[in-house]
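Accompanying notes for the structure given below.
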């Protein structure tokens, strides 16, 4: 089997797989690139993970994920920043172990409102401060901090960064080693999305493009409502062409949080997403 | 009992009540104003409904709702426009029957993507066209068309108007008898919301302000996740002060879609929302 050369399987799509199993499924589907998650790396240790990646011959398209830095000053915030520095080091190590064309990109999810807080503006300012504090460390490690706006339905409990425009502003303020993630699932509804993709491109800030579809009705756990491209409501043509026109030439991940998808054999899922990519996304590249 | 003089009970908060029952609950809680829904009006006929309203001495703060005009040209679209003209007439009749200070405001929900369509841009253009077609009719009836942006999580299946900025643009394009609804539940996450409220005010376009809280976790049916102000994550101070500063002086509705709220006695719900309004919203007026 072979897959589109720019297609990358994000490991969250085969959530229950170990890193070795995810690599095997990726290879069996003829996919050349993988988006790695920190938890399966931690399960075996960074050294073992980098060896697996190096031996695989796959590219690494990103490491997911850092962030979660909306806490007020104090031990929780200090711990979050320390953890993000470790994530930056892991990103550099894994991308360095990956095949040529790997991207040292750390995906960042901002975090939600601190428990009991309603200060959305303040939480967003703390994200800005954290990015500013981390950017020099990322720059020296050769890593790009990729701020991912999450769908506004996650603003309270998961990510106070809700639009692509807001993410671009944060990345620009942080410095040259920060960028944004364009994930179709999170941004497709935005009346301003095509202009913001163009703006991100003109500023050289698109660090990652992820494709995933929006299904209805939303499931009981809205985190798990993501679909294989082509199964839902998103028109991947205009978004993909906008990302291409914005100058993004990197790997494109498919990241699907979906309990039904997670329950299936990993190689079957890898193959199906590669086929969906070829059918729904690749024609616009 | 008495409630804040600007508080209005939106009838959706006591969804299962007849118009007579909703009026009774509103009066028992000392609330002076009611936001009416079309279905309970249709249940008894417009003439009977206007008599009930006139006899009640209550103000009418809005009629919910028209809209749902994203269909392509054809019988469905024609029927939608005809239905909206009837809704405009109903709005004029009910506001005319209400006490002095009633607002002839028809709340409009855009509608989602037509079945099988992924053309979000096209659906949004059809909303623009429909508003343009209806505005002269609304103007001659003395009715304001109030475009309500719905939370982006409803973009696929309920409302392709997803941000306040987009709603303002649509209202401006439609003409002077169009405005917007600012519903905290739908707009609170928007990094641009305070600026857009100010813009709507400077353009004289705030037709309605509705307060409702964002709860987590979202329930299985995300339509029903709305909470009594103060029970969730929204900071009502900045939003309410922005609406005040923008010059809005009308009634403020509490509209809660929530199965637990709906299951309770109507007068108890009316009283609780009036208390919540007094505690969480009124201090900022």
Two pseudo-spin positions, 7 Å from Cα along C-beta at residue B:241 and at residue B:125, lie apart in nanometres by 4.3 nm
Footprinting proxy, B:277, A:154, A:137: sorted fewest to most Cβ within 10 Å, the residues are A:137, A:154, B:277
Shape call for the protein assembly as shown, from the Cα gyration tensor axes a ≥ b ≥ c (a/c under 1.5 means rounded, otherwise prolate when a/b beats b/c, else oblate), comes out prolate
If the label point sits 7 Å along Cα→Cβ of residue B:43, residues of the range B:61-86 with amide N under 19 Å come out as B:61-66
Inter-part gap, Cα centre of the range B:1-66 to Cα centre of the range A:40-69, in whole angstrom, is 59 Å
So the compactness index of the range B:33-123, its C-alpha Rg divided by 2.2 N^0.38 Å, takes the value 1.24
Inter-part gap, Cα centre of the range A:232-285 to Cα centre of the range A:143-189, in whole angstrom, is 19 Å
Rounded to one decimal in nm, the spacing of the 7 Å Cα→Cβ label points at residue B:137 and residue A:72 is 5.4 nm
The exposure ranking of A:6, B:128, fewest beta-carbon neighbours within 10 Å first, is B:128, A:6
For A:1, A:153, ascending order of other Cβ atoms within 10 Å (fewest first) is A:1, A:153
The Rg/Rh figure for the range A:158-285, Cα atoms and Kirkwood Rh, to two decimals is 0.97
homo-copy label distances at residue B:132 (7 angstrom along Cα-Cβ), nm, one dp, ascending, are 4.5
So, in nm and shortest first, the distances from residue B:223 to its counterparts in the other copies, with label points 7 Å along Cα→Cβ, work out as 2.6
Reduced to Cα centres, the span from the range B:121-136 to the range A:91-110 in Å works out to 46 Å
re the range B:102-218: pairs of Cα atoms spaced beyond 21 Å account for a percent value of 35 percent
The range A:7-284: Kirkwood hydrodynamic radius (Cα pairs, Å) comes out at 18.5 Å
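Readers should treat all values here as calculations from the given coordinates under stated rules, not as data from a laboratory. Bear in mind that the values here come from a model prediction, so they are computed numbers and not experimental data. Quick reminder, even Gly has a Cβ in these numbers, built from the backbone with ideal geometry, and neighbours come from all protein chains shown.
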